[in-house]
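Working notes, structure below.
The values are calculated or read from the model by the stated rules, or taken from the named source; none is laboratory data. Keep in mind the model is a prediction, meaning the values are calculated, not measured. FYI the Cβ positions are ideal-geometry reconstructions off the backbone, even for glycines, and counts take in every protein chain you see. Just so you know, the surface numbers come from the protein's heavy atoms only, side chains and all, with ligands and any DNA or RNA stripped out. Shrake-Rupley method; radii C 1.70, N 1.55, O 1.52, S 1.80 Å.
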Amino acid sequence: MPVDYLPILVMLIVVSAFAAIALTISALVGPRRPTPAKLSPYESGMPPFGSARRRVPVKYYLTAVLFILFDIEIIFFYPWAVLFRQLGWFGLIEMALFVLVLLVGYVYVWRKGGFDWD
Amino acid sequence: MTLDPFMVMLLDVLVKAIVIVVALLGAYAYMTLAERYVMARVQVRIGPNRVGRVGPIAVLQPVADAVKTIFKEDFCPANADKIVYTLAPGLAVAIALLAWAVIPLSPPLTIAGYTIHFYIADVGIAALYLLAVGSLGVYAIVLGGWSSNNKYSLLGGLRSAAQMISYEVSLGLALVGVLMISGSLSLVDIVEKQSPIWNVVWQPVGFVLYCICAVAETNRVPFDLPEAETELVAGYSTEYGSLKFALFYMAEYINIVTVSAIAATMFLGGYQGPFGLLPGAHWLLLKIAVFIFIFMWMRATLPRFRYDQLMRFGWKVLLPLGLANVFATAVVMVLLGR
């Protein structure tokens with residue numbers, strides 16, 4: 001029922017209001033005395049060099065792609081898990097086949113070194 | 001005067017939402033104090049003693065901290081993305097609070113013909129909702145780290161993203177066993193079905209798996225690489241000060257309470273007492289408190305993982321273990337015919 005989700009909307013409004021109030025208080029109450037040194041990026045006292053907006057190592061993208069793959073697998077698990085009692089052997093075999101396909105990919109990524117960070 | 005039932009429901013929810021937000025704010029304040037005391041004890045130090053070491057005056061320490069934080073300068077570093085930089089801490093805390101919409105705190109109570117339910121929403125997909133909201137938390141950290149225009153922040157944000165999404169997979173898997181036993185995604189149902197035997201009895205591996213992943217999800221020791229002081233200054237929160245920093249900090253502590261509450265709800269019977277003893281919110285609070293203490297204990301005791309160890313452990317150990325646990329549960333359930 002969509003109306004069941006109404007309380008979550010109320011909660012969303014309350015927490016957003018809380019965050020907004022906190023950020024507003026922070027902006028209004030604190031002093032503002034900016035100096036160039038204070039506003040420069042903190043690099044442990046060394047003069048900062050270059051920009052921090054640089055290209056990201058491809059490793060992180062690989063992890064993100066693997067996450068999407070396996071997280072969708074988990075999402076498929078959820079309805080299956082809830083209905084497992086009704087499905088019985090049929091559910092077990094179906095899911096075993098599904099995971100078997102995924103395991104092939106998992107082993108492939110493992111052997112290619114996708115899970116090693118260096 | 002007749003009351004519109006819809007307005008009553010709305011008011012009821014609004015009051016509960018505000019109470020939960022205020023309660024978690026208080027929990028955060030006193031968790032910081034408790035953590036400092038626990039760590040001081042473990043490390044044979046005195047701990048916070050300026051406000052007062054013992055007695056009722058000591059409870060004012062978080063108040064002093066809060067006042068000091070509020071009156072700190074609210075600055076925005078040069079070349080930072082001002083809007084994202086400002087919104088990220090708010091996002092962090094809002095997401096951390098949002099998970100509490102579905103956690104049942106106590107059995108329903110009827111006063112003068114009006115039944116109070118101690119949850120904000122009982123939706124049919126509550127467990128999925130928790131996972132969804134939990135995974136949003138990574139946005140706040142990445143955006144905060146990226147927008148600061150600081151290399152330490154950026155690295156902290158990226159590390160955190162990779163770490164949180166890696167452990168989220170196993171976190172989701174750890175809960176599948178519980179869902180199979182309960183046959184429901186609603187947390188109210190899951191808690192009700194754990195009387196008198198808690199799910200941890202049937203799902204010990206799932207429970208341990210969940211606990212490990214929960215620590216990684218909250219970026220706490222031994223998985224605190226996103227804010228590893230010795231290498232990244234303060235990680236994604238390096239360029240943050242005043243209440244903005246406090247909001248990030250608050251999000252972290254509320255996440256600790258949240259994962260503790262989820263662990264208690266999913267595996268340890270939520271508000272159910274052991275052997276069906278006197279159910280109520282006190283059991284849930286007790287279980288959460290024990291988890292929080294363990295979090296602090298670990299912070300004072302354990303060293304930090306190396307990043308490659310962390311990733312290898314998540315993908316090569318926890319993920320297969322989670323899958324094996326789901327299959328073992330499935331086979332046992334089919335063989336026993338229930």
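Of the residues A:Arg85, A:Arg111, which is part of a helix (DSSP H, G or I), open to solvent by 100 Å² or more (accessible area, probe 1.4 Å), over 27 Å from B:Ala132 (Cβ atoms) and charged (D, E, K, R)?
Working: A:Arg85 fails: over 27 Å from B:Ala132 (Cβ atoms).
That would be A:Arg111, the only listed residue that is part of a helix (DSSP H, G or I), open to solvent by 100 Å² or more (accessible area, probe 1.4 Å), over 27 Å from B:Ala132 (Cβ atoms) and charged (D, E, K, R).
Test B:Ala27 against the stated conditions and say whether it is part of a helix (DSSP H, G or I), on the phi < 0 side of the Ramachandran plot and more than 12 Å from chain A (Cβ to nearest Cβ).
Working: part of a helix (DSSP H, G or I): yes; on the phi < 0 side of the Ramachandran plot: yes; more than 12 Å from chain A (Cβ to nearest Cβ): yes.
Taking the combined requirement at face value, the residue satisfies it.
Taking the stretch B:130-147, which residues are open to solvent by less than 10 Å² (accessible area, probe 1.4 Å) and farther than 21 Å from B:Ala101 by Cβ?
B:Gly144, B:Gly145, B:Ser147
Within the stretch B:148-168, work out how many residues are buried (at least 24 other Cβ atoms within 10 Å of the Cβ), facing another protein chain (nearest Cβ under 7 Å) and not in a helix (DSSP H, G or I).
1
Considering each residue of the stretch A:16-52, count those that are part of a helix (DSSP H, G or I) and more than 7 Å from chain B (Cβ to nearest Cβ), and give that number.
First, the residues of the stretch A:16-52 that are part of a helix (DSSP H, G or I): A:16-29, A:36-39.
This time we only want the ones that are more than 7 Å from chain B (Cβ to nearest Cβ), so: A:17, A:21, A:24, A:28, A:36-37.
Residues that pass the stated criteria total 6.
Can you tell me which residue within the stretch B:115-135, out of those that are over 18 Å from A:Pro2 (Cβ atoms) and free of Cβ contacts under 8 Å to residues at least 40 places away in the same chain, is farthest from the other protein chains (Cβ to nearest Cβ)?
B:Thr115
Specify the residue that is least open to solvent (accessible area, probe 1.4 Å); the eligible residues are those in the stretch B:270-291 that are part of a loop (DSSP other than H, G, I, E, B) and more than 13 Å from B:Leu105 (Cβ to Cβ). Quick ask: steps written out before the conclusion?
Let us first name the residues in the stretch B:270-291 that are part of a loop (DSSP other than H, G, I, E, B), namely B:270-273, B:277-280.
Going one step further and asking which of them are more than 13 Å from B:Leu105 (Cβ to Cβ), we end up with B:273, B:277-278.
Working: B:Gly273: 2, B:Leu277: 91, B:Leu278: 127 Å².
Applying the filter and picking the extreme gives B:Gly273.
Could you list, in sequence order, all residues of the stretch B:305-316 that are more than 11 Å from B:Tyr167 (Cβ to Cβ), in a helix (DSSP H, G or I) and free of Cβ contacts under 8 Å to residues at least 40 places away in the same chain?
Of the residues in the stretch B:305-316, the ones more than 11 Å from B:Tyr167 (Cβ to Cβ) are B:305-309, B:312, B:316.
Of the ones still in play, those that are also in a helix (DSSP H, G or I) are B:307-309, B:312, B:316.
Across the stretch B:305-316, the qualifying residues are B:Asp308, B:Gln309, B:Arg312, B:Lys316.
Of the residues A:Leu12, A:Leu69, which is part of a helix (DSSP H, G or I) and within 8 Å of chain B (Cβ to nearest Cβ)?
Going through A:Leu12, A:Leu69 in turn, the sole match is A:Leu12.
Considering only residues that are surrounded by 14 or more Cβ atoms within 10 Å (Cβ to Cβ), under 19 Å from B:His117 (Cα atoms) and β-branched (Val, Ile, Thr), which ones fall in the stretch A:1-38?
Scanning the stretch A:1-38 gives A:Ile8, A:Val10, A:Val14.
Output the residue which, of all residues in the stretch A:51-66 that are within 15 Å of B:Pro77 (Cβ to Cβ) and open to solvent by 40 Å² or more (accessible area, probe 1.4 Å), is nearest to the chain's Cα centre (by Cα). Steps first, please.
Looking only at the stretch A:51-66, we keep the residues that are within 15 Å of B:Pro77 (Cβ to Cβ), and these are A:51-53.
If we keep only those that are open to solvent by 40 Å² or more (accessible area, probe 1.4 Å) too, we end up with A:51, A:53.
Working: A:Ser51: 25, A:Arg53: 21 Å.
Per the criteria, the residue is A:Arg53.
Is it the case, given these coordinates, that B:Met296 is among the aliphatic types (A, V, I, L, M), away from every other protein chain (no Cβ under 14 Å), buried (at least 19 other Cβ atoms within 10 Å of the Cβ) and farther than 30 Å from A:Lys59 by Cα? Steps first, answer last, please.
Numbers: among the aliphatic types (A, V, I, L, M): yes; away from every other protein chain (no Cβ under 14 Å): yes; buried (at least 19 other Cβ atoms within 10 Å of the Cβ): yes; farther than 30 Å from A:Lys59 by Cα: yes.
Yes.
How many residues does the stretch B:213-262 hold that are at positive phi and within 10 Å of chain A (Cβ to nearest Cβ)? Before you say what the answer is, go through the steps one by one.
First, pick out the residues of the stretch B:213-262 that are at positive phi: B:219, B:233, B:235, B:242.
After this cut, where a residue has to be within 10 Å of chain A (Cβ to nearest Cβ) as well, the list is B:233, B:242.
Total satisfying the criteria: 2.
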